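One structure below.
The values are calculated or read from the model by the stated rules, or taken from the named source; none is laboratory data. Everything numeric in this text was worked out from a predicted model, so none of it was measured. Here the Cβ positions follow ideal geometry from the backbone for every residue, glycine too, while neighbour counts run over all protein chains shown.
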Amino acid sequence: MNEYLRLDQTYLGSCMKFEDATRSRLKNKKCLEYYGFKVYSQGEEDGIIEEIFNRVGTTNKIFIEFGVENGLECNSHYLLFKGWRGLWIDGGHEEEIHERFAPVIANGQLKFLQAFITRENINELFIKCGFEGEIDLLSIDIDGNDYHIWQAINVVRPRVVVIEYNAKFPPNLEWKQAYNKRHMWDYSDWQGASLKALELLGRKLGYQLVGTNLNGVNAFFVRKDLAKDLFIEPATAENLYNPARYPHLRYMNGHPARYCLAVQHENFGLLDYKLKCDAVPLTGFYDEEILDNGSKFNVMSGKNALIVARNKEKIILPYFLPYVEAQNLFLMVKASGAGSATLPVEKNGLIELNFPPANEPWEVELELSKTFVDKQGKTFGLAIIFEDKTRS
């Protein structure tokens with residue numbers, strides 16, 4: 001159980017009855033909140049999902065999740081580390097997901113489809129991506145028509161369903177947003193469905209409500225034929241509700257994620273993810289920036305820097321010198337086992353790298369003969385374009 005929920009503390013705006021119910025439920029080891037932890041989920045969903053499958057087992061380890069945004073913080077990211085495979089659908093973020101999850105997309109673990117989901121197209125989208133029949137996990141989070149989408153799904157039969165509920169409504173109230181296929185969440189309470197509405201829908205679809213998470217965001221359902229006596233009963237909204245504890249919605253667990261780390265290749269570094277790049281910065285650079293044409297570059301933060309280059313015979317990296325003109329400026333380029341060269345630096349130019357055949361990427365040292373200082377006192381050197389949109 002996460003330390004951020006202080007059981008001896010009552011949160012302003014939360015009903016004492018609901019707080020007491022949570023405290024009481026946590027004493028029962030069938031209580032799913034007890035097992036919650038966060039790796040890549042928004043809250044403690046990673047731990048709860050793991051515990052559910054510890055009890056009911058897995059079959060094919062296939063997931064489908066939609067409403068993932070950039071995928072870094074969602075309910076199935078962590079499952080990629082366990083060898084699961086599946087499908088993500090989101091209305092945007094296509095380029096970002098293809099970069100940040102490049103290794104698991106390349107090895108076939110993850111498929112991504114950019115689409116706006118409606119109850120009219122959801123089954124067609126699954127079929128289009130090759131997903132039908134039984135799957136282990138379905139996760140729904142689209143901040144609006146969640147209830148109606150779940151109700152419409154009939155081409156896949158998930159064993160476990162995670163769906164967001166609107167915790168503003170108490171557990172004895174049945175409410176759902178009227179269906180609107182063009183709905184876009186405006187960050188108000190006009191979204192989703194109450195836990196009671198989802199409980200009743202789940203029953204009609206053959207699912208049992210087995211728990212909710214501590215911050216009052218997601219509800220967890222298990223197919224009735226699998227639930228048996230493994231979870232807390234009665235399996236009702238009134239018995240399993242957690243109120244909205246949104247101040248604790250996003251808590252830190254270690255350093256923030258930038259890429260999916262589930263699959264990586266030795267010595268590739270960012271080359272695993274920057275598939276359009278022939279080389280990437282390693283050390284001695286400022287953060288990535290973007291030019292008007294979309295090209296991405298990094299600026300040397302001192303005289304010395306290190307880059308990693310793909311195993312190709314020839315690589316060309318455009319560069320420019322910000323703020324100042326080049327006067328008697330030189331760049332030493334050295335790759336271990338591939339020799340070195342000294343290049344005169346112009347205001348704009350190209351760094352050409354020529355390599356003999358190798359089995360892994362090359363590490364290349366750069367040494368600039370002189371650096372400069374901008375008006376803010378920041379030291380800078382060459383701005384090297386590692387992803388050149390004009391050449392793609």
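Return the residue satisfying two criteria in turn: it lies in the range 365-390 and is aliphatic (A, V, I, L, M) and within 15 Å of Asn298 (Cα to Cα), and of such residues it is nearest to the chain's Cα centre (by Cα). I'd like the intermediate steps shown before the answer.
Of all residues in the range 365-390, those aliphatic (A, V, I, L, M) come to 366, 368, 373, 382-385.
Now narrow it down to the ones that are within 15 Å of Asn298 (Cα to Cα): 366, 368, 382-385.
Working: Leu366: 34, Leu368: 38, Leu382: 33, Ala383: 30, Ile384: 28, Ile385: 27 Å.
So, considering only residues that are aliphatic (A, V, I, L, M) and within 15 Å of Asn298 (Cα to Cα), the one nearest to the chain's Cα centre (by Cα) is Ile385.
List the residue pairs whose Cβ atoms are under 7 Å apart, where the first residue sits in the range 266-282 and is over 18 Å from Glu365 (Cβ atoms), the second is polar (S, T, N, Q), and the two are 6 or more positions apart or on different chains.
Matching pairs, first to second residue: Asp272/Gln264; Lys276/Ser392.
Residue-by-condition table, conditions (1) crowded, with 20+ Cβ neighbours inside 10 Å; (2) at positive phi; (3) not charged (D, E, K, R):
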| position | (1), (2), (3) |
| --- | --- |
| Phe81 | no, no, yes |
| Asp90 | yes, no, no |
| Gln114 | no, no, yes |
| Ile122 | yes, no, yes |
| Phe126 | yes, no, yes |
| Phe169 | yes, no, yes |
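Please go through the range 337-363 and give me each residue that is modelled with pLDDT under 90 and in contact with a helix residue (DSSP H, G or I) (Cβ under 9 Å, 6 or more places away or on another chain), ordered by number.
Of everything in the range 337-363, nothing turns out to be modelled with pLDDT under 90 and in contact with a helix residue (DSSP H, G or I) (Cβ under 9 Å, 6 or more places away or on another chain).
Could you please find all residues in the range 205-230 being free of Cβ contacts under 8 Å to residues at least 24 places away in the same chain and in a helix (DSSP H, G or I)?
Initial filter on the range 205-230 (free of Cβ contacts under 8 Å to residues at least 24 places away in the same chain): 206, 224-225, 228-229.
Correct list: Lys224, Asp225.
Quick grid of which residues meet (1) basic (Lys, Arg); (2) without any contact (Cβ under 8 Å) to a residue 40 or more places away in the chain; (3) outside the structural domain of Glu95 (by TED's automatic domain parsing); (4) over 29 Å from Ala106 (Cβ atoms):
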site	(1), (2), (3), (4)
Asp292	no, yes, yes, yes
Lys296	yes, no, yes, no
Asn304	no, no, yes, yes
Glu313	no, no, yes, no
Tyr323	no, no, yes, yes
Val373	no, yes, yes, yes
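Do you know which residues across the range 32-65 are of a type in the set (S, T, N, Q) and surrounded by 23 or more Cβ atoms within 10 Å (Cβ to Cβ)?
Passing the criteria: only Ser41.
Checking Ala152 against (1) free of Cβ contacts under 8 Å to residues at least 40 places away in the same chain; (2) closer than 21 Å to Glu174 by Cβ; (3) crowded, with 19+ Cβ neighbours inside 10 Å, which single condition isn't satisfied?
Ala152 satisfies every listed condition except (3).
Take Thr212 and tell me if it is in contact with a helix residue (DSSP H, G or I) (Cβ under 7 Å, 6 or more places away or on another chain), in the same structural domain as Gly71 (by TED's automatic domain parsing), more than 24 Å from Arg85 (Cα to Cα) and surrounded by 24 or more Cβ atoms within 10 Å (Cβ to Cβ).
Spelling it out, Thr212 is indeed in contact with a helix residue (DSSP H, G or I) (Cβ under 7 Å, 6 or more places away or on another chain), in the same structural domain as Gly71 (by TED's automatic domain parsing), more than 24 Å from Arg85 (Cα to Cα) and surrounded by 24 or more Cβ atoms within 10 Å (Cβ to Cβ).
How about the range 7-48: which of its residues are small (Gly, Ala, Ser) and at pLDDT below 85?
Our first condition is that a residue be small (Gly, Ala, Ser); within the range 7-48, this holds for 13-14, 21, 24, 36, 41, 43, 47.
Once the filter is applied, which keeps residues that are small (Gly, Ala, Ser) and at pLDDT below 85, the range 7-48 yields Gly13, Ser14.
Looking at (1) in contact (Cβ under 8 Å) with a residue 40 or more places away in the chain; (2) part of a strand (DSSP E or B); (3) exposed (fewer than 15 other Cβ atoms within 10 Å of the Cβ), which is the only condition Thr390 fails?
The number of the failed condition is (2).
Based on this model, can you work out whether Leu366 counts as in a strand (DSSP E or B), modelled with pLDDT of 90 or more and in contact with a Phe, Trp or Tyr (Cβ under 8 Å, 6 or more places away or on another chain)? Talk me through it step by step, then tell me what you get.
Working: in a strand (DSSP E or B): yes; modelled with pLDDT of 90 or more: yes; in contact with a Phe, Trp or Tyr (Cβ under 8 Å, 6 or more places away or on another chain): no.
No.
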